[in-house]
Every structure is written in structure tokens, then in C-alpha cells.
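To start, the structure itself, in C-alpha cells.
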Amino acid sequence: MIEGMEAYVGFKLKPEAIERWGQMIRAEHKICTRPDFYSGRTHINMFIYFDDDYRITDFSGTKGYGPTTSIYNRSGSYSSGDFTKRDIAYLRRFVKENTESQL
């Protein structure tokens with residue numbers, strides 16, 4: 001669980017969000033998102049997990065920094081990093097924009 005996101009467990013995706021990511025959610029029960037305010041040297045993935053009713057069940061993610069940019073950097077070596085307040089604010093905003101209610 002990503003610290004600070006506990007209150008969003010149980011929120012349900014809006015119908016338009018289900019339409020947008022439905023295939024990914026049905027296949028993997030998750031959405032992967034990433035803030036767009038980082039350079040290519042930062043690898044960051046924030047995962048939101050769902051149940052069969054499209055309600056959030058969990059959050060996880062990874063963040064690291066690499067020596068090079070581009071898509072090839074994703075498989076290269078990198079140093080691990082922690083999520084910042086700005087990262088968490090991005091994830092909260094993303095969840096609020098794409099969910100409609102709580103349990």
C-alpha cells in the first residue's frame with residue numbers, strides 16, 4: 001500500500017474510466033499510471049488494483065533513477081527512490097478524477 005492512499009480503498013471507477021481502461025482492468029485488475037513531471041531518467045510506475053466490481057483494493061508502485069534516458073533505461077540499472085508528497089498528490093488527483101464514490 002502506498003502510504004497516504006488508504007482512504008481511497010473502496011472508491012469505484014467512473015463508467016468513462018471503465019470504458020477507457022476496461023480491457024486492462026479485466027485482464028490484470030490494475031491500472032498503471034505515472035506522473036508526467038519527471039524527466040526520462042526517472043522510472044516511476046504507480047499501480048491501482050481493482051476487484052471485479054471496479055472498486056479499488058490496493059495501491060503499489062516503484063520509483064527509481066537511472067543514468068540514461070529513453071525507454072531502454074527501463075531495463076537498465078537504477079537506484080531506488082521513495083515517493084514524494086508531489087507523487088502522492090498526483091495519485092490522489094488521478095483517483096479523484098476517475099472514481100465516483102466510496103463504499
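The values are calculated or read from the model by the stated rules, or taken from the named source; none is laboratory data. Computed from a predicted model, the values in this text were never measured in an experiment. Backbone-built Cβ (ideal geometry, glycine too); neighbour counts: all protein chains shown.
Has the stretch 68-76 got at least one residue that is at pLDDT 90 or above and surrounded by fewer than 17 Cβ atoms within 10 Å (Cβ to Cβ)? No.
Take the stretch 1-53 and flag every residue that is touching a residue at least 40 places away in the same chain (Cβ under 8 Å), charged (D, E, K, R), surrounded by 14 or more Cβ atoms within 10 Å (Cβ to Cβ) and outside any strand (DSSP E or B). Once the filter is applied, which keeps residues that are touching a residue at least 40 places away in the same chain (Cβ under 8 Å), charged (D, E, K, R), surrounded by 14 or more Cβ atoms within 10 Å (Cβ to Cβ) and outside any strand (DSSP E or B), the stretch 1-53 yields only LYS14.
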